[in-house]
Amino acid sequence: MFNFFKKLAGRQVSRQFAVLLLGLVLVSALGMIWLDFNEALPSIPDLLSRIHLPAPPIPPVSSDVKKFTSEEDFKEYLKKSANLSMDDYSSDTMAFEQATDLNAPLAKGAGQADRVSETNVQVAGIDEPDIVKTDGKEIYFSKESYGWWGRPMPAMEGIPFDMMPEYQAKTALIKAFPPADLKIDSQIDKNGNLLLNNKMLLVFSGQEIFGFDVANPVKPTQKWNLKIDDNAWLVTSRLKDNKVYLIVQTNINEFNPCPLKVLEGTIISCQDIYHPVVPTAVDSTFTVMILNPDSGKIENSVSFVGSSSNSVVYMSNQAVYLTYAYQTDMVDFMIGFIKAKARDLYPSSVIARLEKLAGYDISQQAKMMEMGMIIDSYQNSLDDDDRLKLENELQNRIKDYAADHLREIDRTGLVKIGLNDFKVLASGVVAGHPLNQFSLDEYDNHLRIAMTVGQRWWGWGFGGSSDSTVNDVYILDASLKQVGSIQGLGLSEKIYAARFIGDKGYLVTFREIDPFYVLDLSNPNHPLMAGELKIPGYSSYLEPIGDNLVLGIGKEDSWVKVSLFDVSSASNPREVAKYTLKEGWSEVLSNHHAFLLDPKHEIFFLPGGQGGYVFSYKNNGLEMKKAISETGVKRAIYLNDYLYIIGQDKIVVLNELDWTRVTELNL
């Protein structure tokens, strides 16, 4: 058995290529390539160099979920799904100086702005946590901690550790409006992502959640705090209609999987945890909870098992959706291949042994190892000539079979939790895996989901990752049953950005050029790819601007690129403007919260490594209106006609009418 793995590791690749293809290549796909040896697997020839379209429909699979009946039921489920693993981590206060006026004195007053920006979020009315919040009068800013991975920096050479600056973890409450009154009101000795609900400020700080009453910003008062269990962590949160929705992930303890400890004082019983009826790889339990922001009390919760990687959370006005990797029985897949394409290459006795193996009530890992031994034993009985012929036959035959069945191999499970009764309303399975929350969108009682198929499975250590992918968009009904799809977009590419707006969808795939797709989703049963534009580079964030313009922020030739797309004609999208920044990176590329759009003045803001940039998009063009050459720029907000550029060390206020600096505050 160990010789088999050593051969797989590359010591006898040429003589055991068939074993590699039929047996442990699938183990590689399941993340098992690191078992019993530390050497990286060599790349093998691409098995899916061409995707054949149209793709066959995905075979039906049970996507039902139910609750565990007991701890023993949970343990039995874990046995059945074992090893279906997947992959895809002094108390010095901050020196706040008083604001310095740059122009003529400003009128002072205690007013509040009438026009107030909000955090850039996916769904209007559903707030997302970020490091900056504002209520129109106060700015709440959580400064990033310095140090190594959130810990204090070790002693520098020649400087004793006890003389190093202490770890800073502060959230500043800044009087922001009117700009003439810009000053620090107070600081909270915690930092992290923030949510603001009326006069309650929530700080998500490490393994704790704090609730502060900020009605008096000069003297904020802590009202409550919740401690997350040491074996759990917060995935994300949302704020809607004065309720906070927490999504907490807990590692599964196979010896004592339940009852589940999530928060201090919150215990989830075994009978309250959902699981897919068909066993799939699980290593975590996800718990969605409703938190009262005023009292810090948990009002409701629902839990279900899933995978630690490849999970995406999306929340609409009706439901919370969470995805997880959904694993296929690879032994069944390989038996299907042999019976369909390679029956003449193996004697009936070998096929019979494999079919018998498929029926064993053992783990996937054990099945894969046993399958490898069966195939290895047969191939060792062949002479060199027959073995060489078998290797070449298998390499050619598996290509088309794997391509035709790719959507059976790489799948994602979905769970839908209704906000009204807070129960699991539906579950489903689709091919591929989503990029991020923008890959999902609920509209007119349907869920649209954009998926890359193939990269996750074929890209794990054995070639094919760049040439073997395809991208699909699926339309699911309220029960998460597929009613329509667009398949085969961006062959050999993967999704870099997705955005759904009304009955339209916009998709960017990338490998060497940037296909920008416009999707017509007006008929959920018959969605169409309406138009396509190929340009250099890629966009990783898409922002709709009005009805006919879409802004794309990405990279081209290693530089940050801003593109403006005219989508007034769905069949003929055009890039009407482009601007390349002398920046290698912008946080907007990976975090949409860093982006700000001000429709009144037709401008948008994005941070870079060297400063912050304000662009106008008037008249279907792109014009840089202002560059702020301050390092550490993080966010921007607007209050009335003032734009506040917020950085780690300074806040700069601009007048949006003439783009002059009004005032600033050193941090």
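The values are calculated or read from the model by the stated rules, or taken from the named source; none is laboratory data. Since this is a predicted model, take the numbers as computed values, not measurements. Positions of Cβ are generated from backbone atoms using ideal geometry, with glycine treated the same way; all protein chains shown enter the neighbour counts.
Only one of (1) buried (at least 20 other Cβ atoms within 10 Å of the Cβ); (2) modelled with pLDDT of 95 or more is not met by Tyr538, so which one is it?
Single failed check for Tyr538: (2).
In region 319-354, what count of residues is obtained for those that are buried (at least 18 other Cβ atoms within 10 Å of the Cβ), of a type in the set (Gly, Ala, Ser) and under 23 Å from Ser381 (Cα atoms)?
Summing the residues that are buried (at least 18 other Cβ atoms within 10 Å of the Cβ), of a type in the set (Gly, Ala, Ser) and under 23 Å from Ser381 (Cα atoms) in region 319-354 gives 1.
Hey, among the residues in region 612-663 that are among the acidic types (Asp, Glu) and modelled with pLDDT of 95 or more, which one's surrounded by the fewest Cβ atoms within 10 Å (Cβ to Cβ)?
Kept after step one, since they are among the acidic types (Asp, Glu), are these residues of region 612-663: 623, 630, 641, 649, 656, 658.
Imposing the further condition that a residue be modelled with pLDDT of 95 or more reduces the set to 623, 641, 656, 658.
On the way: Glu623: 13, Asp641: 15, Glu656: 19, Asp658: 9.
It comes out as Asp658.
Out of region 488-514, which residues are at pLDDT below 90, surrounded by fewer than 24 Cβ atoms within 10 Å (Cβ to Cβ) and more than 17 Å from Gly454 (Cβ to Cβ)?
The answer is Glu512, Ile513.
Considering only region 173-206, state which residues are polar (S, T, N, Q), touching an Asp or Glu at 6+ places or on another chain (Cβ under 9 Å) and in a strand (DSSP E or B). Please lay out each step first, then the result.
First, pick out the residues of region 173-206 that are polar (S, T, N, Q): 186-187, 191, 193, 197-198, 205.
Applying the additional criterion that residues be touching an Asp or Glu at 6+ places or on another chain (Cβ under 9 Å) yields 191, 193, 197-198.
Selection gives Asn193, Asn197.
How many residues, within region 207-252, are out of contact with any strand residue (DSSP E or B) (no Cβ under 7 Å at 6 or more places or on another chain) and either surrounded by 20 or more Cβ atoms within 10 Å (Cβ to Cβ) or assigned to a strand (DSSP E or B) (or both)? Don't jump to the end; show me each part of the working.
Of the residues in region 207-252, the ones out of contact with any strand residue (DSSP E or B) (no Cβ under 7 Å at 6 or more places or on another chain) are 215-216, 230, 240-241.
Cutting the leftovers down to either surrounded by 20 or more Cβ atoms within 10 Å (Cβ to Cβ) or assigned to a strand (DSSP E or B) (or both) gives us 240.
Number satisfying all stated conditions: 1.
Suppose we filter region 428-447 for residues that are surrounded by 24 or more Cβ atoms within 10 Å (Cβ to Cβ) and either under 10 Å from Phe500 (Cα atoms) or touching a Pro at 6+ places or on another chain (Cβ under 9 Å) (or both); how many remain?
2
For region 528-549, enumerate the residues that are part of a strand (DSSP E or B) and either farther than 21 Å from Leu440 by Cβ or of a type in the set (Asp, Glu) (or both). Steps first, please.
We begin by selecting, within region 528-549, every residue part of a strand (DSSP E or B); these are 528-536, 538-545, 549.
Correct list: Gly531, Glu532, Leu533, Lys534, Ile535, Pro536, Glu543, Ile545, Leu549.
Filtering region 323-350 down to residues that are outside any helix (DSSP H, G or I) and under 38 Å from the mean Cα position of the chain (by Cα), which residue is farthest from Leu78 (Cα to Cα)?
If we filter region 323-350 for residues that are outside any helix (DSSP H, G or I), which is where we start, we get 323-329, 342, 346-347.
Next, from what is left, pick out any that are under 38 Å from the mean Cα position of the chain (by Cα): 323-329.
Working: Thr323: 19, Tyr324: 16, Ala325: 15, Tyr326: 14, Gln327: 14, Thr328: 16, Asp329: 15 Å.
Selected residue: Thr323.
Take Asp230 and tell me if it is under 27 Å from the mean Cα position of the chain (by Cα) and farther than 28 Å from Gly418 by Cα. Give the derivation first.
Values: under 27 Å from the mean Cα position of the chain (by Cα): yes; farther than 28 Å from Gly418 by Cα: yes.
Here the answer is yes, as Asp230 does meet what is asked.
Could you tell me whether Gly552 is of a type in the set (Gly, Ala, Ser), over 19 Å from Glu583 (Cβ atoms), at pLDDT 95 or above and in a strand (DSSP E or B)? It would help to see each step written out before you state the result.
Values: of a type in the set (Gly, Ala, Ser): yes; over 19 Å from Glu583 (Cβ atoms): no; at pLDDT 95 or above: yes; in a strand (DSSP E or B): yes.
No, not satisfied.
Checking the structure you have, find out if any residue of region 156-176 is modelled with pLDDT under 95 and touching a strand residue (DSSP E or B) at 6+ places or on another chain (Cβ under 6 Å). Walk me through it before giving the result.
Keep residues of region 156-176 that are modelled with pLDDT under 95, which gives 156-170.
Keeping just the survivors that are touching a strand residue (DSSP E or B) at 6+ places or on another chain (Cβ under 6 Å) gives 170.
Looking for residues that are modelled with pLDDT under 95 and touching a strand residue (DSSP E or B) at 6+ places or on another chain (Cβ under 6 Å), one finds at least one in region 156-176, hence yes.
Of the numbered conditions (1) under 27 Å from the mean Cα position of the chain (by Cα); (2) modelled with pLDDT of 85 or more; (3) outside any loop (DSSP other than H, G, I, E, B), Asn317 fails exactly one; give the number of that condition.
The single condition Asn317 does not satisfy is (3).
Filter region 275-305 for residues that are in a strand (DSSP E or B) and in contact with a Pro (Cβ under 9 Å, 6 or more places away or on another chain); which is nearest to Gln222 (Cα to Cα)?
Looking only at region 275-305, we keep the residues that are in a strand (DSSP E or B), and these are 275-276, 284-291, 298-305.
Pick out the ones that are also in contact with a Pro (Cβ under 9 Å, 6 or more places away or on another chain) and you get 285, 304-305.
Numbers: Thr285: 30, Phe304: 32, Val305: 34 Å.
So the residue we want is Thr285.
Just the residues that are within 21 Å of Asp649 (Cβ to Cβ) and acidic (Asp, Glu), please, taken from region 181-220.
Asp181, Asp185, Asp189
Might you check whether a residue that is part of a loop (DSSP other than H, G, I, E, B), touching a Lys or Arg at 6+ places or on another chain (Cβ under 6 Å) and either closer than 19 Å to Ile553 by Cα or hydrophobic (A, V, I, L, M, F, W, C) (or both) occurs anywhere in region 645-662?
yes
Answer with yes or no whether Ser308 is of a type in the set (S, T, N, Q) and either in contact with a Ser or Thr (Cβ under 6 Å, 6 or more places away or on another chain) or within 29 Å of Ala478 (Cβ to Cβ) (or both). First the steps, then the outcome.
Working: of a type in the set (S, T, N, Q): yes; either in contact with a Ser or Thr (Cβ under 6 Å, 6 or more places away or on another chain) or within 29 Å of Ala478 (Cβ to Cβ) (or both): yes.
Yes; evaluated as a whole, the condition is true for this residue.
Tally the residues that are under 30 Å from the mean Cα position of the chain (by Cα) and of a type outside the set (D, E, K, R), restricting the search to region 611-642. Let's see the steps before the verdict.
Step one: filter region 611-642 for residues under 30 Å from the mean Cα position of the chain (by Cα), giving 611-617, 622, 630-638.
Among the residues that remain, those that are also of a type outside the set (D, E, K, R) are: 611-617, 622, 631-633, 636-638.
Of the residues in that region, 14 qualify.
Can you list the strands (runs of 3 or more DSSP E) lying wholly within region 351-450 that have 2 or more residues being of a type outside the set (Asp, Glu) and in contact with a Lys or Arg (Cβ under 8 Å, 6 or more places away or on another chain)?
Details: elements: 411-418, 424-431, 440-443.
Correct list: 424-431.
Of the conditions (1) closer than 22 Å to Ile209 by Cβ; (2) modelled with pLDDT under 95, Val277 fails just one. Which one is it?
Single failed check for Val277: (1).
Within region 606-632, count every residue that is in contact with a helix residue (DSSP H, G or I) (Cβ under 9 Å, 6 or more places away or on another chain) and within 22 Å of Leu194 (Cβ to Cβ).
2
Regarding region 515-534, can at least one residue be identified that is farther than 17 Å from Ser485 by Cβ, in contact with a Ser or Thr (Cβ under 6 Å, 6 or more places away or on another chain), surrounded by 15 or more Cβ atoms within 10 Å (Cβ to Cβ) and at pLDDT below 95?
Yes.
Under the condition of being under 14 Å from Glu623 (Cβ atoms) and surrounded by fewer than 24 Cβ atoms within 10 Å (Cβ to Cβ), which residue from region 583-605 is farthest from the chain's Cα centre (by Cα)? Before you say what the answer is, go through the steps one by one.
If we filter region 583-605 for residues that are under 14 Å from Glu623 (Cβ atoms), which is where we start, we get 601-605.
Add one more test, that the residue is surrounded by fewer than 24 Cβ atoms within 10 Å (Cβ to Cβ), and what stays is 601-603.
On the way: His601: 32, Glu602: 29, Ile603: 27 Å.
It comes out as His601.
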